[in-house]
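Enquirer: Quick one: structure below, then a few questions.
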Amino acid sequence: MPRKPRIEVTERDSQTSLDVLMSDPRYAARLQNPFNEPSAPIELKDPSRECRWFNAALATDHIWRNKRKGWDQVRPGDVKDLEQIGGYNKSPDGFITRGERGHEVLMSMPKVVRAAIQIEKTKQNLRNVGNPNATKAEVVNAASAKLGDEAASYLDQHIGAVGAVTDTYERVERVEPE
């Protein structure tokens with residue numbers, strides 16, 4: 001019995017023109033971000049701040065940790081137009097939440113601070129990309145601090161440089177079409 005082809009071929013004359021598809025702004029927006037839809041930005045009355053949602057269900061101290069990182073909870077009076085949020089609730093303290101149990105909390109931070117943090121993250125990531133052993137060293141040091149020297153030693157011996165490129169070869173059987 002012959003195998004089914006792994007590639008599906010569509011004749012050009014039966015394809016829809018990309019121009020026709022792109023005439024719908026929903027498709028154009030989807031092609032701009034094919035893997036995921038970004039959260040719709042929420043405008044605050046103070047335009048110098050930006051906000052995002054934090055999920056308190058991730059860890060019991062998730063909101064507390066992010067407050068320590070500079071994020072502030074948002075009240076309904078801080079939002080320019082509450083319609084842009086859609087369904088929301090208020091916590092007992094008067095902050096905006098959403099979700100079945102109010103676990104998602106809207107928090108904001110000054111845009112300039114957030115941009116500076118993102119720049120520093122990018123710098124550190126670029127340093128690590130240029131030096132694959134730096135990432136491995138970070139993993140080993142974190143393991144040493146959390147799990148002890150034995151775990152760190154094991155990881156140091158058993159993981160290669162993160163991001164190291166290696167070539168491999170694989171034999172593939174060639175089957176002639178019948």
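Bear in mind these aren't lab numbers, they're just calculated from the coordinates by the rules spelled out. This is a predicted model, so every value here is computed, not measured. Using ideal geometry, Cβ is built from the backbone for each residue, glycine included, and neighbour counts are taken over all protein chains shown.
Enquirer: Could you list Thr135, Thr168 so that the one with the fewest beta carbons within 10 Å of its beta carbon is first and the one with the most is last? Write out the running numbers ahead of the final one.
Expert: Working: Thr135 18, Thr168 4.
Taking fewest neighbouring Cβ atoms as first place, the list is Thr168, Thr135.
Enquirer: Then there is this: Quote the charge dipole size of the range 27-106 about the Cα centre in Debye, to the nearest 20; the model charges only the Cβ of Lys and Arg (+1) and of Asp and Glu (-1). Working shown, then result.
Expert: Details: 13 positive and 12 negative charges, 49 e Å.
Magnitude of the dipole: close to 240 debye.
Enquirer: For the chain, what does -39500 (n - 2.57) per DSSP helix run (n ≥ 4), summed and divided by total residues, give at 222 nm, in deg cm²/dmol to the nearest 500?
Expert: Only helices count here, giving -11000 deg cm²/dmol.
Enquirer: Can you tell me which aspartates and glutamates have their Cα less than 18 Å from the Cα of Lys67? Leave out same-chain residues fewer than eight positions away.
Expert: Glu50, Asp78, Asp93, Glu104
Enquirer: Report, ordered by chain and residue number, the aspartates and glutamates lying within cross-link reach of Lys146, taken as a straight Cα distance under 17 Å and ignoring same-chain residues fewer than 8 apart.
Expert: Glu138, Asp156
Enquirer: Run the dipole for the range 65-163 about the Cα centre, Lys and Arg Cβ at +1, Asp and Glu Cβ at -1, nothing else charged, and hand back the magnitude in debye, nearest 20. Before the final figure, lay out the partial values.
Expert: Values: 16 positive and 12 negative charges, 64 e Å.
The calculated dipole for the range 65-163 is roughly 300 debye.
Enquirer: If you rank Glu176, Glu120, Glu83, Glu43 by fewest surrounding Cβ atoms within 10 Å, what's the result?
Expert: Details: Glu176 4, Glu120 10, Glu83 7, Glu43 14.
Fewest to most other Cβ atoms nearby, the residues stand as Glu176, Glu83, Glu120, Glu43.
Enquirer: Using a/c under 1.5 as the rounded threshold, could you call the range 115-158 rounded, prolate or oblate? The axes a ≥ b ≥ c are square roots of the C-alpha gyration tensor eigenvalues, and prolate needs a/b larger than b/c, oblate otherwise. Walk me through the intermediate numbers first.
Expert: Working: a/c = 5.99, a/b = 2.06, b/c = 2.90.
Taking the square roots of the gyration eigenvalues as a ≥ b ≥ c, the range 115-158 is oblate.
Enquirer: If you take Cα extents along the principal axes in Å from the coordinates, which of (1) 68, 25, 22; (2) 72, 59, 32; (3) 108, 29, 27 do you get?
Expert: Correct label, based on the coordinates given: (2).
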